[in-house]
Amino acid sequence: MPYQTINPFNNKLIKEYQTHNDKQVEEALSTAHALYKSDWAQGDIKQRVKVLHKLSELMASRVDELAEVVSTEMGKLIGQSRGEVQICADIAKFYAEKAEEFLKPVPYKSDLGEAWVEHHPIGVIMAVEPWNFPFYQLMRVLAPNLASGNSVIVKHASIVPHCAETFEKLVAEAGAPKGAYTNLFISQDQVASIIDDDRVQGVALTGSEKAGAIVAARAAGKLKKSTLELGGNDVFAVLDDADIDKAAKAGAQARVSNAGQVCTAAKRFIIHEKVADEFLKKFTEHFKALKMGDPLDKSTTLGPLSSADAVKTLSKQVDDAVKHGAKLHFGGKKVSDNPGNFFEPTILTHITRDNPAYFEEFFGPVAQVYVVKNDEELVKLANDSHYGLGGSVFTKDMNRARKLASQIETGMVYVNSPTDTAAELPFGGVKRSGFGRELSDLGIKEFVNQKLVVLA
Ligand code: NDP
């Protein structure tokens, strides 16, 4: 895939980027590995977290400028891009403040002697990242690994090279030495060769199941650890006692935010039959009120999809769903009188288990609505999914909410809120949504040597 910036609002090519050849890849690997062996990585953590403090300040002070880079390159609404830049600053600050505590030795009681577990970096980490949160995805990998002393090499998605290049410059400007973070514009074959290299000791990927399976298999072939953050088909459950106005508004926002291209977006709306009509009516009103347009225009509430291919895939999925018996309650088509990658906000109902849509992730503003009779049916439907990333339950009864939250087979459940993210909270899933956790104390422990020392 060529590395190109194409504005999704009008499909105009803005810039094409030079790719890196094998010699440049080797240079990147040897610099990253030499840094890992140096005092920078093996010595005092204070020098590393200082860079994270600076990176946080830099991003927070350039929110507007950086947000425009995101919106122009992948179509995110400008307000949401600002939010993304701010959360990146928060993540950098969080690890700057907390990494030392997370990585300090942990004592263990044992009859064998005085024992503790130390945390050491393991080497170079290869990260493969997607376009949907083009700064946040990079920061989730960079911040904990920079703090622990691992060097990071990144292959970002080919449709966001400007974000990739901008982020690399920011990390350098914050004071990271050469090799701490390297962006490479490379092919999938080059990613495979890097994974094979002995200097690389961990692989992190966020993206599709297909890419995750290929990259994790490659890592496993060389007995290297990987973390995968893949797709999701998150449930947004509305119980009969829920505040329906609140649920309908939050649900609509949770489905169309980032034009629906979020792994933890609410995708399957499972509604109790007693409130189903009211919810669907109010939910549809929110969809009707959306204003499609330029992501840089503050009044726009639904931006374009990230690429023309994304629109094609989504159109086909919706057409197939309808062919297999789903009812098109609202929307359903690509917007044809516009050069951008716009797809109408869409609501599908009456999806049966034999419809391919039932198990598919729709990466765009398409909601699936299901109606259930009781909580038991709700849990059964929620868990009848290959994915297990996040999920939401809307109810006023916290006992019922706790019970359902523990029964839903996902890595994250939020009550009376869409699935969210914060630096201090673990992020990740089960089943085909992947494995491993990012962010929080759990994220920083994924790629460290948890070394036991015993004084017998
Ligand atoms: P991909 O998984 O194809 O892309 C994600 C990243 O993986 C990109 O950097 C991509 O590079 C890279 N990649 C893809 N295949 C390989 C490979 N064999 N070896 C090495 N790197 C690889 O996602 P898409 O952008 O194509 O989106 C498709 C679907 O993936 C979406 O519809 C959605 O379901 C899911 N997705 C999930 C995301 C999440 O947040 N969990 C984010 C994005 C997508 P390149 O760009 O060069 O192909």
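The values are calculated or read from the model by the stated rules, or taken from the named source; none is laboratory data. Keep in mind that what you see is a predicted model, and the values were worked out from it rather than measured. As a convention, Cβ positions derive from the backbone with ideal geometry for all residues, glycine included, and neighbour counts pool all protein chains shown. Remember, those area values only see protein heavy atoms, side chains included, never the ligands or the DNA or RNA. Shrake-Rupley method; radii C 1.70, N 1.55, O 1.52, S 1.80 Å.
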Exercise for the section: Determine whether Ile14 is over 20 Å from Ala180 (Cβ atoms) and in contact with a strand residue (DSSP E or B) (Cβ under 7 Å, 6 or more places away or on another chain). Expected result: yes
Exercise for the section: Only residues in the range 108-133 that are more than 23 Å from Gly149 (Cβ to Cβ) and touching a residue at least 24 places away in the same chain (Cβ under 8 Å) count as the first member; pair them with residues that are open to solvent by less than 30 Å² (accessible area, probe 1.4 Å) and of a type in the set (Gly, Ala, Ser), Cβ under 6 angstrom, at least 6 apart or cross-chain, and list the lot. Expected result: Pro130/Ala157; Pro130/Gly207; Trp131/Ala157; Trp131/Ser306
Practice task
Give the number of residues within the range 391-433 that are open to solvent by less than 50 Å² (accessible area, probe 1.4 Å), of a type outside the set (Gly, Ala, Ser) and more than 24 Å from Ala248 (Cβ to Cβ).
Solution key: 1
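Does Asp234 qualify as being in contact (Cβ under 8 Å) with a residue 12 or more places away in the chain, among the acidic types (Asp, Glu), open to solvent by 20 Å² or more (accessible area, probe 1.4 Å) and touching a strand residue (DSSP E or B) at 6+ places or on another chain (Cβ under 8 Å)?
no
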Problem - the range 109-141, subset in a strand (DSSP E or B) and open to solvent by 40 Å² or more (accessible area, probe 1.4 Å), residue farthest from Val51 (Cα to Cα) - result: Glu114
Practice task
Output yes when any residue across the range 6-23 is within 16 Å of the ligand (Cβ to nearest atom), β-branched (Val, Ile, Thr), open to solvent by 50 Å² or more (accessible area, probe 1.4 Å) and at pLDDT 95 or above, and no when none is.
Solution key: yes
Practice task
Go through the residues of the range 35-56 one by one and say whether even a single one is farther than 23 Å from Glu446 by Cβ and of a type in the set (A, V, I, L, M).
Solution key: no
Practice task
Give just the number: which of (1) surrounded by fewer than 21 Cβ atoms within 10 Å (Cβ to Cβ); (2) more than 13 Å from the ligand (Cβ to nearest atom); (3) farther than 13 Å from Ala32 by Cα does Phe167 not satisfy?
Solution key: (1)
Problem - Members of the range 185-198 found to be open to solvent by 60 Å² or more (accessible area, probe 1.4 Å) and among the small types (Gly, Ala, Ser), listed by number - result: Ser193
Problem - Residues within the range 199-209 that are open to solvent by 10 Å² or more (accessible area, probe 1.4 Å), touching a His at 6+ places or on another chain (Cβ under 9 Å) and more than 9 Å from the ligand (Cβ to nearest atom), tallied - result: 1
Exercise for the section: Among the candidates Glu409, Glu446, single out the residue that is modelled with pLDDT of 95 or more, under 26 Å from Ala41 (Cβ atoms) and in a loop (DSSP other than H, G, I, E, B). Expected result: Glu446
Completion exercise
Residues of the range 241-290 being among the basic types (Lys, Arg), within 16 Å of the ligand (Cβ to nearest atom) and open to solvent by 20 Å² or more (accessible area, probe 1.4 Å), in sequence order, are none
Problem - Among (1) closer than 26 Å to Val191 by Cα; (2) open to solvent by 60 Å² or more (accessible area, probe 1.4 Å) - the single one Tyr36 does not satisfy - result: (2)
Practice task
Answer yes or no: is there a residue in the range 59-68 that is without any contact (Cβ under 8 Å) to a residue 12 or more places away in the chain, in a helix (DSSP H, G or I) and over 16 Å from Ser151 (Cα atoms).
Solution key: yes
Handout entry: So Leu112, is it over 30 Å from His386 (Cα atoms) and more than 10 Å from the ligand (Cβ to nearest atom)
Key = yes
Exercise for the section: Return yes or no: is Val215 touching a residue at least 12 places away in the same chain (Cβ under 8 Å), surrounded by 22 or more Cβ atoms within 10 Å (Cβ to Cβ) and more than 10 Å from the ligand (Cβ to nearest atom)? Expected result: no
Problem - Selection within the range 175-184 - more than 23 Å from Glu16 (Cβ to Cβ) and open to solvent by 10 Å² or more (accessible area, probe 1.4 Å) - result: Gly175, Ala176, Pro177, Lys178, Tyr181
Exercise for the section: Mind listing whichever residues of the range 314-361 are open to solvent by 30 Å² or more (accessible area, probe 1.4 Å) and within 20 Å of Asn383 (Cα to Cα)? Expected result: His350, Thr352, Arg353, Asp354, Pro356, Phe359, Glu360, Glu361
